[in-house]
1. Which residue is nearest to HIS110 (Cα to Cα), if the candidates are limited to the stretch 160-173 and must be within 15 Å of the chain's Cα centre (by Cα) and either without any contact (Cβ under 8 Å) to a residue 12 or more places away in the chain or open to solvent by less than 30 Å² (accessible area, probe 1.4 Å) (or both)?
2. Starting from residues that are over 13 Å from the mean Cα position of the chain (by Cα) and of a type outside the set (S, T, N, Q), keep the ones in the stretch 66-76 and report whichever is nearest to LEU111 (Cα to Cα).
3. How about the stretch 132-142: which of its residues are touching a residue at least 60 places away in the same chain (Cβ under 8 Å), in contact with a strand residue (DSSP E or B) (Cβ under 7 Å, 6 or more places away or on another chain) and not in a helix (DSSP H, G or I)?
4. Can you tell me which residue within the stretch 185-210, out of those that are open to solvent by 70 Å² or more (accessible area, probe 1.4 Å) and farther than 30 Å from GLY123 by Cα, is modelled with the highest pLDDT?
5. So how many residues does the stretch 13-33 have that are assigned to a loop (DSSP other than H, G, I, E, B), out of contact with any Phe, Trp or Tyr (no Cβ under 6 Å at 6 or more places or on another chain) and either open to solvent by less than 20 Å² (accessible area, probe 1.4 Å) or among the polar types (S, T, N, Q) (or both)?
6. Of all residues in the stretch 170-186, which are part of a strand (DSSP E or B) and farther than 12 Å from LEU157 by Cβ?
7. For residues that are assigned to a loop (DSSP other than H, G, I, E, B) and open to solvent by less than 100 Å² (accessible area, probe 1.4 Å), scanning just the stretch 143-159, find the one that is nearest to LEU199 (Cα to Cα).
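The values are calculated or read from the model by the stated rules, or taken from the named source; none is laboratory data. Remember, predicted model here, so these are calculated numbers, not experimental data. Glycine also receives a Cβ, built like all others from the backbone with ideal geometry; neighbour counts cover every protein chain displayed. In case anyone asks, the SASA skips ligands and DNA or RNA and just uses the protein heavy atoms, side chains included. Shrake-Rupley method; radii C 1.70, N 1.55, O 1.52, S 1.80 Å.
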Amino acid sequence: MRPDSAAPADVYSETVEGFGTVRFTPVDPAADSAVLHSWVAEERAEFWGMNGASRELVQEIYEDVDRRDTHHAFMVRLDGEPVALFQTYRPSEDRVSECYEVREGDVGVHLMLAPASGRPRPGFSRTLIGSLTRFLFRDPAALRAVGEPDARNDKALALLGRIGFVRQGEITLPEVDLPEVYLPEKRAVLAFMDRPEPLPTPVAVGALQPSTI
């Protein structure tokens with residue numbers, strides 16, 4: 001857990017020609033709670049399970065994440081503007097471990113893109129996903145990404161397929177009822193993405209075909 005007086009430093013950053021500088025910074029529960037609350041309160045974020053949550057509760061949730069060394073939350077910024085929330089976790093220390101045989105090198109992931117604003121930007125999501133992939137697999141020990149979106153979340157499932165995840169079928173994540181966190185039972189789709197070799201390199205946005213991803 002970071003000291004109250006310490007501002008979170010970048011964990012990873014890269015500059016993509018024609019796109020901008022992408023920065024990954026640990027979520028600061030107090031400073032980022034307003035932005036995160038505005039995202040999770042939207043109807044489109046219903047599968048995150050925080051619709052109706054107050055800003056204070058969102059802050060408490062990410063304070064709990066901040067205390068853990070098995071779960072991590074990162075604010076993704078493009079040229080200083082928040083554009084995504086990216087969370088990683090150790091599957092062996094998560095309820096998903098009850099639904100499949102965890103391998104050494106597995107890394108669980110959750111992604112929420114910020115609400116779209118202004119005109120669509122060709123290649124935006126595809127370029128951002130490239131940055132996410134390089135960030136996730138920057139550690140040589142990370143061998144496979146594990147996704148488990150809600151089985152009803154068609155948009156998340158479609159995005160997984162475009163990123164390169166391979167579905168393994170439906171699972172039921174068990175209920176978690178602890179003093180610090182409550183998670184209801186969840187019907188999810190288990191999916192994996194092996195570490196790409198070599199890792200994709202940043203591509204100038206002008207070289208991409210227009211995309212609505």
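1. LEU160
2. Result: ASP66.
3. Within the stretch 132-142, just ARG138 meets the criteria.
4. Only one residue fits best here, namely ARG187.
5. Summing the residues that are assigned to a loop (DSSP other than H, G, I, E, B), out of contact with any Phe, Trp or Tyr (no Cβ under 6 Å at 6 or more places or on another chain) and either open to solvent by less than 20 Å² (accessible area, probe 1.4 Å) or among the polar types (S, T, N, Q) (or both) in the stretch 13-33 gives 1.
6. Hits for the stretch 170-186 are ILE171, THR172, LEU173, VAL176, ASP177, TYR182, LEU183, LYS186.
7. First pass over the stretch 143-159, keeping only residues assigned to a loop (DSSP other than H, G, I, E, B): 143, 148-149, 151-153.
Pick out the ones that are also open to solvent by less than 100 Å² (accessible area, probe 1.4 Å) and you get 143, 148-149, 151, 153.
Numbers: LEU143: 12, GLU148: 23, PRO149: 24, ALA151: 29, ASN153: 28 Å.
This residue is LEU143.
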